[in-house]
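Accompanying notes for the structure given below.
A short reminder: the numbers here are calculations on the coordinates, not readings from a lab. Not measured: the values here are computed from a predicted model. Here the Cβ positions follow ideal geometry from the backbone for every residue, glycine too, while neighbour counts run over all protein chains shown.
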Amino acid sequence: MKKILIINGSASEKSSNQKLIDNIISITKEFFNVTIFNNLKNLPHFDPELSENNTPKIILDFRSAIEKSDGIIICTPEYVFSIPSGLKNCIEWCVSTTVFSDKPTGLITASASGEKGHEELKLIMKTLMTKTTNETTLLIQGIKGKLNERGEIKDSKTVDELTKFIQAIKELTENSSS
């Protein structure tokens, strides 16, 4: 089983993104061993002087989780036409390292609109040299209306898109030397 780290870009415990992550875990339990990083609120604000020396333990643990994974999935909302500040902060802690380099990565932006945030996330992760494909990026617009009260995806088009996304990230991790 491939080890997948899912980074939840939402700071809300009951977010649509967490519900989407729960769906992903349910769908992939036969072939992915998933760990969720749901701790963005507890990370210190990025400090470039601490990025390489005297790095906080929580940051070292986060980087280690990335290194030990076979692949990454980032699932995030869009806040004010951008990625959430907590997600940006955690990524900034990794810029001076190579933990994301050549790491098979799936990017999901699930929000009301999400277009600007999704484009920004793709650009950031391209800059960090992650391995992504068009099939391992997914924009889900209007996410709240696509989930039922139990958090299940009720929109068949979204189910199909998510299934294709999962298959693509599975293939990317299987074909990678990470």
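The table that follows gives values for the structure above.
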item	result
The range 39-80 - residue that is touching a residue at least 40 places away in the same chain (Cβ under 8 Å) and β-branched (Val, Ile, Thr) and, of those, nearest to Ile25 (Cα to Cα)	Ile73
Residue tally, condition aliphatic (A, V, I, L, M) and either touching a residue at least 60 places away in the same chain (Cβ under 8 Å) or touching a strand residue (DSSP E or B) at 6+ places or on another chain (Cβ under 6 Å) (or both), over the range 82-96	2
Where Thr136 falls short, out of the listed (1) in contact with a helix residue (DSSP H, G or I) (Cβ under 6 Å, 6 or more places away or on another chain); (2) closer than 18 Å to Ser10 by Cβ	(2)
Residue in the range 129-138 that is under 12 Å from the mean Cα position of the chain (by Cα), assigned to a strand (DSSP E or B) and of a type outside the set (Gly, Ala, Ser) present	yes
Selection within the range 132-159 - touching a residue at least 24 places away in the same chain (Cβ under 8 Å) and surrounded by fewer than 13 Cβ atoms within 10 Å (Cβ to Cβ)	Lys144
Pairs with Cβ under 6 Å, 6+ apart, first in the range 104-131 and at positive phi, second not in a strand (DSSP E or B)	Gly114/Glu78; Met129/Ser101
Matching residues, the range 31-53, being of a type in the set (Asp, Glu) and surrounded by 12 or more Cβ atoms within 10 Å (Cβ to Cβ)	Asp47
Residues satisfying the stated conditions in the range 160-177, i.e. crowded, with 20+ Cβ neighbours inside 10 Å and without any contact (Cβ under 8 Å) to a residue 60 or more places away in the chain	Phe165
Complete set of residues in the range 54-88 that are basic (Lys, Arg) and surrounded by 14 or more Cβ atoms within 10 Å (Cβ to Cβ)	Arg63, Lys88
